[in-house]
1. Relative to the present Cα-Cα distance, how much length would full extension add between THR48 and GLU8 at 0.36 nm per residue of separation?
2. How fast does the chain diffuse by Stokes-Einstein, in µm²/s, taking the Kirkwood radius from C-alpha pairs at 25 °C and 0.890 mPa s?
3. If I fit a long axis through the Cα atoms of helix 87-113 and take the longest principal axis of the Cα atoms of the chain, what angle between them do I get, 0 to 90°, rounded to 10?
4. Can you compute the modelled spin-label distance between ASP61 and LEU25, with each label point 7 Å from Cα toward Cβ, in nm?
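Values quoted throughout were computed directly from the atomic coordinates according to the rules given, and no laboratory measurement underlies them. Computed from a prediction, not measured in an experiment: that's the story for all the values here. Ideal geometry is used to build each Cβ from the backbone, glycine not excepted, and the neighbour counts take in all protein chains shown.
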Amino acid sequence: MFDIGFLEIVIIAAIALIVLGPERLPRAARTAGMWVGRARSMVSAVKTDIDREIRESELADMRKLGEEVTSIKSDLTKTAESIAKDDAMGDVVDSIKESANAMNQDIADKSGTN
């Protein structure tokens, strides 16, 4: 995280030994270790909270997408049922078939006269 090497740690320890003295150095090291541990646990807790929020957000997005897909499926089903029940569509299909038969008859008549 801070990219501190072994030599830097030795220098810091030597300065701390000179400034604090051999009597207070162990207590200061324990206190510093305690604060570092608390800071790490706080960072870990924040990371966990952020990860949980991200997962919940993604899950909510997936639920929303699922609801949209279900809605589209429902709309398509209703439309298909409406088309199946609608006699006008049958009339259109019959009209297209009649037009196709008439065109085939015209083609057959013209190819027979040539």
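1. On the way: separation 40, 0.36 × 40 = 14.40 nm, distance 3.18 nm.
Fully extending the segment from THR48 to GLU8 adds 11.2 nm.
2. Working: Rh = 23.3 Å.
Reported coefficient: 105 µm²/s.
3. With rounding to tens, the tilt is 60 degrees.
4. 5.3
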